[in-house]
Amino acid sequence: MKEYRTDLRSRAVAHLGGACKSCGIRDARVLCFDHIDGLKGQKRESQDMVLRQVLAGSTAYQLLCHNCNHLKRFENHEFALRAVR
């Protein structure tokens, strides 16, 4: 299963250009998939679901490094709703 997820993530990173859209860093270890328009009250999706949507051609996501993602979330007041466990 780990190999499947690693391959899925690698393909999704490549599909989105392989670099942070904001600062350009290309180290896949620090890249994350960001909702371009924020979550806007939506619940978080599983990582596998996001990766499959990216590979299916969704334009709702971009690659950001964790630092740029955090800054975007802070500046835009983007906060995810947590699922109740």
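Laid out as a table, the results:
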read-out: Label-point separation, LYS2 to ILE36 (7 Å along Cα→Cβ), nm; value: 3.5
read-out: Coil-residue trypsin sites (Lys or Arg not before Pro) of the range 1-61, DSSP, other Cβ within 10 Å capped at 14; value: ARG26, LYS40, ARG44
read-out: Dimensions in Å of the range 2-76 - Rg and Dmax from alpha carbons; value: 11.9, 35
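Bear in mind that the values in this text are calculations on the coordinates, not laboratory data. As the structure is a prediction and not an experimental result, all values here were calculated from the model. Glycine gets a Cβ as well: all are built from the backbone with ideal geometry, and neighbour counts include every protein chain shown.
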